[in-house]
Amino acid sequence: MAPSDFESSGRIYSMTGYGEGTGYLEERKIEANIRTLNHENTSVRLRGLREDQALTHKAENYVKESFPRGRIEVRIDLEEWEGLAPDELDSEAIRRSFSSLSQLAEDLGIPEGPGLGDLIALDLLETTPLYKGSWPAIKDALSQAIEEALKAQEKEGRSIKEDILNHLDEISQQLEKAEEEVPEVVRQYKSDLEDRIDKLLAEGVQPDEEKLEQEVASFADRVDVTEEISRAKSHIETARETLQEGGLVGKKLEFIRQELQRELNTLGAKSKDSDIQSKVIEMKLALEKFKEQSRNLA
């Protein structure tokens, strides 16, 4: 599955998963396991394959093509023969080594040519590389492990999606309650202001009309959270739509979360009413859980 396929799949994937696979190189078993973890980008780390750098690089690229994001830890184990199998000897290489030694003995005038002991002593019994011809079997094992890991990621992704939707519902409900209380906050302030004016008039104090107008205008601006609530609702709806569309949603949800956080911060700063403040706190707690979960998504 190529990264581009994730966008059109309509499904949501977590970045954490695990899978195993098995392949066979003649009678030897090759086992591969893949563990995926959260990471900002795509990173593959492969263990096994000893020091075969070319094969390691090939396997890493193959795995990387199947995961759009996350840290992928891969382990490949090849069952080894007990002792040296006859067909592991590279006969052609041994013949070349023997011929070279024989020619050297002749050039140096050494009467006795090289024997098997000389080849062994000089470590010239070259063997077939351990992983020669193993790529099809390794690829088979990796393919199985990748498929299992992706299934695990999809399963967890569905669970995370439902969890995030629940957090969005909580924020939406608290936002509706806060919105319902805004008119009462304004009404109460106006009532308190009128009482203060009446008290001043009763004491024979004439309030400064200009300052009074400024006070009213300033308060109206401070408590007018209509735009903040409207934008917050819009961000919630965008988050829901993003989750329903599926694909690679992790980074997009994080951006939406930041925008929603900004509106809640402003709402909290403008609202001095204790009831609204308590609801803002509840919304921020739900949004923090939203943040934690969305960071698990590819």
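The values are calculated or read from the model by the stated rules, or taken from the named source; none is laboratory data. Predicted model, so just to flag it, every value in this text is computed and none were measured. Neighbour counts run over all protein chains shown; Cβ positions are idealised from the backbone, glycine included.
Here are the numbers for this structure:
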quantity: Residues satisfying the stated conditions in region 9-41, i.e. at pLDDT below 90 and of a type in the set (A, V, I, L, M); calculated: Leu25
quantity: The one condition in (1) under 30 Å from Leu253 (Cβ atoms); (2) out of contact with any Ser or Thr (no Cβ under 8 Å at 6 or more places or on another chain) that Ala178 fails to fulfil; calculated: (2)
quantity: Some residue of region 215-223 being modelled with pLDDT under 95, of a type outside the set (Ser, Thr, Tyr), within 45 Å of the chain's Cα centre (by Cα) and surrounded by 15 or more Cβ atoms within 10 Å (Cβ to Cβ); calculated: yes
quantity: Leading residue by the ranking (modelled with the lowest pLDDT) among those in region 266-290 that are surrounded by 14 or more Cβ atoms within 10 Å (Cβ to Cβ) and β-branched (Val, Ile, Thr); calculated: Ile276
quantity: Matching residues in region 241-265 - criterion: being touching a residue at least 24 places away in the same chain (Cβ under 8 Å) and surrounded by fewer than 17 Cβ atoms within 10 Å (Cβ to Cβ); calculated: Glu245, Glu254, Glu259
quantity: When residues of region 42-81 are limited to those that are at pLDDT below 90, out of contact with any Ser or Thr (no Cβ under 7 Å at 6 or more places or on another chain) and assigned to a loop (DSSP other than H, G, I, E, B), the one surrounded by the most Cβ atoms within 10 Å (Cβ to Cβ); calculated: Asp52
quantity: Yes/no for Lys233 being in contact (Cβ under 8 Å) with a residue 24 or more places away in the chain and more than 27 Å from Gln153 (Cβ to Cβ); calculated: yes
